[in-house]
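Inspection log for the structure reproduced underneath, given as structure tokens.
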Amino acid sequence: MENIEIVRVLDEVADLLEIQQANPFRIRAYRNAVRTINAHASPLRKLVEQGADLTELPSIGKGMAENIRELVESGRLAMLDELAAEIPPGLVDLVRLSGVGPKKARKLWDELGVESIEDLEEVAKEGRVAELPGFGLKTQDLILRGIRNYRTNTARFRLGEVDELLPPLIEHLRATPGITRLEVAGSYRRRKETVGDIDILVLAEDAHAASDALVGFSGVESVIGAGGTKTSIRLRSGLQVDLRVVPAESWGAALVYFTGSKEHNIRLRRRALDRKLRVSEYGVFEIPGESVGDRLGERGVASEGAMVPGASEEAVYRALDLAWIPPELRTDRGEFTASDAGALPDLVERSDLRGDVHMHSTWSDGRVSLEAMVTACAARGYEYMAITDHSKALAMVEGLDAAKLRRQWEEIEQVQATHPEIRILRGMEVDILRDGSLDLEDEMLEGLDVVIISVHSFFGLERAQQTARVLKALSHPRSMIFGHPTGRILNRRGPIDVDIDDILHACAEFRVAVEVNSHPNRLDLKDTHLWRARELGVPVVVTTDAHRPDELDLARYGIEQARRAWLTPEHILNTRGVDGFLAGLADAGYGSRTKVPSR
């Protein structure tokens, strides 16, 4: 059992205990354990296998250590089964919805007999939720929207989750005798922000041995189908994995086929027919003397015509007069036209980043000191970084007021003196208040090198009001970067309701950069919005929003998101050196803004 799976179980126990109205200290023990495990870089299963003392980890007592061992060794937790016998486990799903917490879930159960998402949807549509004290029509509408979002998202896994779940399985398969090559394809290889299932391609001497290896993996919950060259299983996490054993001569074609989106593959087949070829997962084949026809739905090896060499992806694309297309671009958004014109973009790479300018320290809700974050950035070879703790409106994380911010500046000067290898920029993540004003005095804003403006409250405002609020904030002369612009949390909270095109036009007008927040729970902006930002000439900044040093490594996810939007280093401000970066922000931050844009 991987850390992410352990966290899910302990989180569910904590939610059920809270619904049960158990001792707060007991609930807190589980929440603290979850935080510890989330912050722990290595798999706890390895510590258990080594017989390590888990109580040496922060917030892990003797009882919690036993829980973790039980989960790792058996894949289950008896305590969760006991709680589920007392409280409908479906109530945990309710807690995941916008507008519902543990207390409201308990009230819905007690007052209306709600035990599941389906029950809640029924009583909400009848208007009975709005009649409960403490709910009302707005909460009822929010719950119904939350149910729609829940159904849309819960069938898919966040990319970061899959990156935690897959490595043990891949390691297991690679160790199988006879498997000589392995590649994960599908939307995962395109680095889509959420993944429905996993396609794994292998070259293997014995297809049945490869199938047996997948079925025998310790994390398998059920076998969907096994036999021949395809085997499908479901992991304990719910993730479906399909393993396909591919002939060596078909490797390139199979990898192209199972990586590209449906739209990309349709375009590829049409292109092949134009050249009197047939392309499928089995290879590229000649169709001598055949006219172009509607054969796009056909699959399989053509009986007539020779097989065109296609053991590599490059060979497959070359057979169709195309350059190799990076996986992130295989979505039929212009990649064929660009290839024909010799204009495929030189996509941004992780190594292009020269600094990270969105992170937090113990001055607000970060986990380590300012100096620890500076040291971690320097260790990653960054030329510069910015500490951007929260402003005072976020009282729950003890955000900074003017006096506290001045004290932070003093510490920055002290730390800078001992770390000449990296430039420390003054920054802040400033809340956009309900009326669109910024949560920091103009005098203090003038003293900042980096000003990120973000929405952290009033997510439920109607579109016109929410859009006007953001537009007003963007018009402030010191607004430089719009942080996680839609406020979404993948699979948990939908985006705020704004006219994103109006927002991006305003960013272009005011030269406010938009953030690609690299945290895999956010990946905000999404790729289609970044595409539009690129069309409008809006500057982009790729950041991590790191709250501890290891989260600085999440930058790879933001870069992958940027690549899906065809971004090159020229589009991203923090691929520049510190002087160029600050010049880009100056262009954004000092323009004349006396009115809200007319759009």
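Side notes on the structure shown:
- From phi via Karplus (6.51, -1.76, 1.60), per-residue ³J(HN,Hα) for the stretch 42-50 in Hz, x at Gly/Pro: 9, x, 5, 4, 5, 5, 5, 4, 7
- Derived scalar couplings between HN and Hα for the stretch 86-91 equal 8, 10, x, x, x, 5 Hz in order, rounded to whole Hz, by the Karplus curve 6.51 cos²θ - 1.76 cosθ + 1.60 (θ = phi - 60°), x for Gly and Pro.
- Residues Met428, Met307, ranked from the fewest to the most other C-beta atoms within 10 Å, line up as Met307, Met428.
- Shown here are the Rg and Dmax of the Cα trace of the stretch 3-153, at 17.5, 55 Å.
- Residues whose amide H falls under 5 Å from that of Arg576, counting only those 5 or more places apart or on a different chain, are Arg354, with hydrogens built in the peptide plane.
- Helix-only mean residue ellipticity at 222 nm for the chain, each DSSP H run of n ≥ 4 adding -39500 (n - 2.57), per residue, nearest 500: -12500 deg cm²/dmol
- Net charge dipole size for the chain [Lys, Arg +1 and Asp, Glu -1 on Cβ; Debye, nearest 20]: 840 debye
- For trypsin sites (Lys or Arg not before Pro), the sites in the stretch 407-484 that DSSP calls loop and that have at most 16 other Cβ atoms within 10 Å are Arg434.
- Computed from the Cβ-Cβ distance with R0 of 41 Å, the FRET efficiency linking Ser116 to Glu66 stands at 0.85.
- Links that overshoot a 18 Å alpha carbon limit, given the list Lys192/Lys262; Lys230/Lys262; Lys192/Lys526: Lys230/Lys262
- Radius ratio Rg over Rh of the stretch 319-393, counting only Cα atoms, Kirkwood formula for Rh: 1.27
- When peptides 11-22, 179-190 are ranked by their average number of other Cβ atoms within 10 Å per residue, the highest-first order is 11-22, 179-190.
- If R0 is taken as 22 Å, the Cβ-Cβ distance between Phe458 and Asp501 corresponds to a FRET efficiency of 0.55.
- With a threshold of 23 Å on the Cα-Cα distance, the over-threshold entries among Lys103/Lys404; Lys392/Lys472; Lys107/Lys392; Lys103/Lys392 are Lys103/Lys404; Lys107/Lys392; Lys103/Lys392.
- Likely footprinting exposure, Val246, Val316, Val397, fewest C-beta neighbours within 10 Å first: Val397, Val246, Val316
- Simple spin-label estimate for Met307 and Thr337 gives 3.6 nm between the two label positions (7 Å along the Cα-to-Cβ direction from each Cα).
- Look at the alpha carbon pairs under 8 Å that are at least 6 residues apart: their mean separation over the length of the chain gives a relative contact order of 10 percent.
- Percent RCO, i.e. relative contact order, over the stretch 354-589, from Cα pairs under 8 Å lying at least 6 residues apart: 19 percent
- Taking label positions 7 Å along the Cα-Cβ direction at both Ser74 and Thr55, the computed distance is 2.1 nm, reported to one decimal.
- In plain terms, the residue of Phe581, Phe458 with the fewest other Cβ atoms within 10 Å comes first and the most crowded comes last, giving Phe458, Phe581.
- Karplus-derived 3J(HN,Hα), 6.51/-1.76/1.60, for each residue of the stretch 510-520, Hz, glycine and proline x: 9, 6, 8, 6, 9, 8, 9, 6, 7, 4, x
- The relative contact order of the stretch 458-599, computed from alpha carbon pairs under 8 Å that lie at least 6 residues apart in sequence, is 27 percent.
Computed from the coordinates by the stated procedures, all read-outs in this text should not be read as laboratory data. These figures come from a predicted structure and were not determined experimentally. All Cβ positions, even for glycine, are placed from backbone atoms using ideal geometry, and neighbour counts span all protein chains on display.
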